[in-house]
Amino acid sequence: MIDVINIDKNTTYYKPVDYTYVVKLEALRKGEKISLFSDTMFKTMFQNENRIKYSCKLLSYYLNISYKELLENLRLSKNELDKEYEKDVSLRCDYVANIRGISINIEVNNNSSIETMERNIEYAYRLYANQVKRGKRNKYTKVIQFNLNNFAFKNNDKIVDIYSIQNEEKEKLSDKIIIVQIYIPNIRKKWYTNDIESLNEGEKFILGLIEPNIEESIKLGKDIKEMEEYIKEATYVSRDELILESYDKEWALKDQGKREGYEEGIKQREKDIVISMLKKELDIKLISEITNLSEKEIIKIKESIDKK
C-alpha cells in the first residue's frame, strides 16, 4: 500500500475488538424494553418528529448548544443520501437532522467490521458535499457525526473519541467534518465496575436508552425528566404488537447470523487487519504481538497474498 513518508500508521479501525460488555439483542423478557440498538426501536423513537426531544437531549450532552435551543430549532431531514448515478444502490443514514445549516448525523453500529466504519465515513463526506450538489457555490455543509458503537477496542477504556481533519500537531485543516465515536460497552464497563455514581448524566442517559432492563433504566434515569419520559414511552411501544413483531424478526435474524458467522467474521477481520499491516510493510513479529496471531499464521496469510 502506498502511503506518505513518516505518517503515523496507528489506525483505530485495525485494532482488536473487545465484545465483553456489548448489548445483546435477544427475545424480550418480562421487565424489559427494546434497546435503542435495535433498528426497530431506533426508527420508532428517533426517526419521529414527535419524539425529537430524545435525540435533542442526547445531542445536548455533546454539542455547545442548549437542549432548549435544540428542541426549538433542530429539524429531522431525509436520511437517504443522493445518488451519484441512477444505477447506484441507495444509501440510508440512521438519522439526519439540521440546525443552523449544520447536518447532524447519528449512526448506530452493532457491527464492528471495517466496512461498517468506512461506510460511516462515506455518509459524513456525502452529507458534507450535499449543498454543493444542490448548486450553492462554495457552500459545503458542516457535518457532525455521532457513532453509537456496540463494541469497543481491547485495552482502551475511552468512552468518547473525537476525530477531525488535522495535522500531527493537532492544527485543524477544517472543522467541517467531525466524527464522534461513542463506545457504549465502555460506559457499561464503567457502570458495572464502579457503580452508577461513577457515571455522569450523559452516560446515564445513553445507558437508559440502550439498557433493556426497565428497573435498571429507571435507576439510571432518576432525576432526568426526559429519561423518565423515554422509559415510559419505550416500555409502552415495546408492547405494541407490530413493533414487537418487527423486533422479533430483527433479533432472530441477527442471532442466526451470529451463530452462523460469528467465528468466521472474527477470523476474517483478523485476516483483514494482518493484510493491511503487511501492505504497510510492518514486521511480522510486531504484527504477531499486536494481533495475538502466531508468526506462522501471519506468514501463511502473507503467502496467500503473494500467490494472487
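Can you say what percent of the DSSP beta bridges in the chain, counting only those with both residues inside, are antiparallel? Round to 5. In the chain, DSSP labels about 55 percent of beta bridges as antiparallel.
Ignoring everything except DSSP H segments at least 4 long, calculate the 222 nm mean residue ellipticity for the chain; use -39,500 (n - 2.57) per segment, divide by total residues, nearest 500. Write down the numbers at each step before the final one.
Numbers: 12 runs with 144 residues, N = 308.
So the helix-based figure for the chain works out to -14500 deg cm²/dmol.
About the centre of its Cα atoms, the chain shows a dipole size close to 740 debye [charges on the beta carbon of Lys, Arg (+1) and Asp, Glu (-1) only; nearest 20 debye]. Projecting the Cα atoms of Tyr61, Leu173, Ser238 onto the charge dipole of the chain, computed from C-beta unit charges around the Cα centre, puts Leu173 farthest toward the positive end. Available extension along the chain between Leu244 and Glu69 is 59.6 nm, counting 0.36 nm per residue and deducting the alpha carbon span. The calculated FRET efficiency for Lys232 paired with Ile299, based on their beta-carbon distance and R0 = 41 Å, is about 0.10. For the chain, the longest principal axis of the alpha carbon atoms and the long axis of helix 184-194 meet at an angle near 80°. Pairs exceeding a 18 Å alpha-carbon distance, out of Lys204/Lys249; Lys190/Lys219; Lys9/Lys142: Lys204/Lys249; Lys9/Lys142. Report, in degrees rounded to the nearest 10, the 0 to 90 angle that the Cα long axis of helix 201-210 makes with the longest principal axis of the chain. Between the helix axis and the principal axis of the chain, the angle is about 90 degrees. Near Glu32, the amide H atoms lying under 5 Å from its own belong to Ile214; only residues 5 or more places off or on other chains count, and H is placed 1.01 Å from N. Within the accessible surface of the chain, defined with a 1.4 Å probe on protein heavy atoms only, the carbon and sulfur portion equals 49 percent.
How would you rank 5-18, 27-40, highest first, on the average number of other Cβ atoms within 10 Å across their residues? Kindly include the intermediate steps, with their values, before the conclusion.
Numbers: 5-18: 12.4, 27-40: 18.6.
Result, highest mean Cβ count within 10 Å first: 27-40, 5-18.
Take each peptide in 185-198, 157-170, count the other Cβ atoms within 10 Å of every residue, and average; sorted highest first, the result is 185-198, 157-170. The long axis of helix 295-307 is offset from the longest Cα principal axis of the chain by roughly 80 degrees.
Please work out the average accessible area per residue across the chain, using the 1.4 Å probe convention, and give it in Å². Walk me through the numbers on the way to the answer.
Working: 17990 Å² over 308 residues.
Accessible surface, normalised per residue, equals 58 Å².
Note on Asn98 and Asp157: the model spin-label points, each 7 Å out from Cα along the C-beta direction, lie 4.3 nm apart. When the charge dipole of the chain is built from unit charges on Cβ atoms (+1 for Lys and Arg, -1 for Asp and Glu) and taken about the Cα centre, the candidate among Thr11, Leu209, Thr291 whose Cα reaches farthest toward its positive end is Thr11.
The values are calculated or read from the model by the stated rules, or taken from the named source; none is laboratory data. In this text, all values refer to a predicted model and were calculated from it rather than measured experimentally. Glycine also receives a Cβ, built like all others from the backbone with ideal geometry; neighbour counts cover every protein chain displayed. Side chains included, ligands, DNA and RNA excluded: accessible areas come from the protein's heavy atoms. Shrake-Rupley method; radii C 1.70, N 1.55, O 1.52, S 1.80 Å.
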